[in-house]
Amino acid sequence: MTALDSRRAARMRAVQEDQSAHQRPHSERVLRIAVPLAILVALLALWEWYVVAYEVPHYLLPGPRLVAQAIVADWAVLGPALMVTLKITFSALALALVGGVLLAVILVQSRWAELAVYPYAVVLQVTPIVAVAPLILVYAPTTQSAILICAFIVAFFPVLSNTTQGLKSVDHNLLNLFELNGASRWQTLFLLKVPSALPYFLTGLRISGGLALIAAVVAEFAAGSAGAQSGLAFRILEAQFRLNMPRLFAGLVLISAAGVAIFATTSLISHLLLRRWHESAVAREN
Amino acid sequence: MTSPSVVFDRVDKTFSNGTVALKDVSLTVQKGEFVSLLGPSGCGKSTALRLAAGLGEVSGGAIRWPRAEAGRVGQSGIGFVFQEPTLMPWASVFSNVWLPLRLAGTSKRVARHEVMDALSLVGLDGFAGAYPRELSGGMKMRVSIARALVTRPELLLMDEPFGALDEITRFKLNDELLQLWQSLGWTVIFVTHSVFESVYLSNRILVMSARPGRITADIPIDAPYPRDESFRSSVDYGGYCRQVSAALHRAMEVRAA
């Protein structure tokens, strides 16, 4: 090995150890949290000031303090509703992941399956879910299952298309190498295609996570469900009918927070799985 | 030396788009030879190498591997080094080198010794846990070579393996490759478009010309091994380079005519 090589490697390894100790420079991490937080506080303060200074009535625009109070006071109503929405979201996402990945594997293994199925997956994707929801509501046994089906349909496609793309984007030389070493179909799938497809799949996961929540809310609006089994979308509609603006805002805040949490979780999963090797997750020095 | 490693018998290769990559190519590579395939780009030298590896079908003629047929079953006994390092970015250096053994069903524990040996042969002790992106271009190529030699192949096929490297690293790896070749007794077929590299490494150079790809000259390089820097600056080396260069020019004129 050349001296140049070994020096360079030693330096790169040192850099890497440094990174694993603390992923980014400390100031950078603080900034990433502090800046959005400061803007949030500033906006909330401005909102509160505006409401108080101009004596805006509560039924038009409640201040942030009132919204926060509503979240606490109405938790008995909002909490279960949040759980219902989250349950549908995660069930839909889980089904979409299993279904999307399985179908992608099948499509890639067989050209015939791809020709037969893929166009219909696209049709399912491009038809607005709000337009299909009434039909699903007629056929599904319960409203909840109808909402689940809607959320699943929306969340399914990004996983399918990204995973399919990933499974196809395998380095041709690596495929040759596997062939040369007598790899079986399954070895090629699990040792080569699946890891190659992982970054694509994770992109699909991030998109689908957000879409599953959106679809769960939209489908509930379309379903117009009511009663103890209903999720946040119904509670928001209900609050609007009753001009209970603090509760409406509270519901909105909870949906938003759920969306942010889902995005953060899927991003974290993606980062943890890719940080050792994928360019997208590698911190660069220059 | 009358024990052929690989024999091309009037091989034709036509791609599905109609391109004639190889036309009537016959060659015999003896066990222990270091043969370079030299030619302009598009002359089919990489195609010939892939066919020699058993990748793809010939359109006419036949390829035989007399030694592999008689030898081990299940393992091809062929190592292949690609133009790029072609490593799996998600796997450590160890796992990349382990791959050929893993595909043949050897467990990590059993393979550990051989993988470490292979890494040590290419001078990468201590890098088993590193990931490809942490390595320089030259080191990635060494991993690629380690992966090819971990199965102890008889026939090593190399497709312009050092083409993308800087000259210093390239010379260094040329020397290391020659040392490995001498100590391990491989047969090597080496594709390159560098006259100097082919003369330095090989004991036989096959010059190819394009459209259709065919062999136009078969030049023995009789300089003794081990070869080192003194060979690189010797009169003999210069003479061989002129001879091979002239053959390459003739090959390219044939194409223009």
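Return a yes/no flag: does segment A:162-176 have any residue that is in contact (Cβ under 8 Å) with a residue 24 or more places away in the chain and under 17 Å from the mean Cα position of the chain (by Cα). Yes: segment A:162-176 contains one or more residues that are in contact (Cβ under 8 Å) with a residue 24 or more places away in the chain and under 17 Å from the mean Cα position of the chain (by Cα). Taking only segment B:101-119 into account, find how many residues are away from chain A (no Cβ under 11 Å) and surrounded by fewer than 19 Cβ atoms within 10 Å (Cβ to Cβ). So the answer is 10.
Against the condition surrounded by fewer than 22 Cβ atoms within 10 Å (Cβ to Cβ), under 28 Å from A:SER267 (Cα atoms) and not β-branched (Val, Ile, Thr), how does A:PHE157 come out, does it pass?
Working: surrounded by fewer than 22 Cβ atoms within 10 Å (Cβ to Cβ): yes; under 28 Å from A:SER267 (Cα atoms): yes; not β-branched (Val, Ile, Thr): yes.
So A:PHE157 passes the test.
Taken together, B:ARG133, B:ARG147 contain a single residue that is basic (Lys, Arg) and in contact with a Gly (Cβ under 9 Å, 6 or more places away or on another chain), which is B:ARG147. With respect to the stated conditions, A:ALA183 fails to be crowded, with 20+ Cβ neighbours inside 10 Å, at pLDDT below 95 and more than 14 Å from every other protein chain (Cβ to nearest Cβ).
Return the residue satisfying two criteria in turn: it lies in segment B:192-201 and is out of contact with any Asp or Glu (no Cβ under 8 Å at 6 or more places or on another chain) and of a type in the set (S, T, N, Q), and of such residues it is surrounded by the most Cβ atoms within 10 Å (Cβ to Cβ). Among residues in segment B:192-201 that are out of contact with any Asp or Glu (no Cβ under 8 Å at 6 or more places or on another chain) and of a type in the set (S, T, N, Q), the one surrounded by the most Cβ atoms within 10 Å (Cβ to Cβ) is B:SER198.
Of all helices (runs of 4 or more DSSP H) completely enclosed by segment A:20-126, which ones contain at least 2 residues that are modelled with pLDDT under 90 and not basic (Lys, Arg)? Those helices (runs of 4 or more DSSP H) span A:26-53, A:75-109, A:111-126.
In this structure, A:THR188 does not satisfy being away from chain B (no Cβ under 14 Å), of a type in the set (Val, Ile, Thr) and either surrounded by 14 or more Cβ atoms within 10 Å (Cβ to Cβ) or in contact with a Cys (Cβ under 9 Å, 6 or more places away or on another chain) (or both).
All of B:ALA48, B:ALA62 fail the test of being touching a Lys or Arg at 6+ places or on another chain (Cβ under 9 Å), more than 14 Å from chain A (Cβ to nearest Cβ) and exposed (fewer than 15 other Cβ atoms within 10 Å of the Cβ), apart from B:ALA62. The condition (being at pLDDT 90 or above, more than 14 Å from chain B (Cβ to nearest Cβ) and surrounded by fewer than 21 Cβ atoms within 10 Å (Cβ to Cβ)) is satisfied by just one residue among A:GLY224, A:GLY251, A:GLY210: A:GLY210. Does B:SER136 satisfy being in contact with a helix residue (DSSP H, G or I) (Cβ under 7 Å, 6 or more places away or on another chain) and surrounded by fewer than 23 Cβ atoms within 10 Å (Cβ to Cβ)? So B:SER136 fits the description; yes.
The values are calculated or read from the model by the stated rules, or taken from the named source; none is laboratory data. Computed from a prediction, not measured in an experiment: that's the story for all the values here. Positions of Cβ are generated from backbone atoms using ideal geometry, with glycine treated the same way; all protein chains shown enter the neighbour counts.
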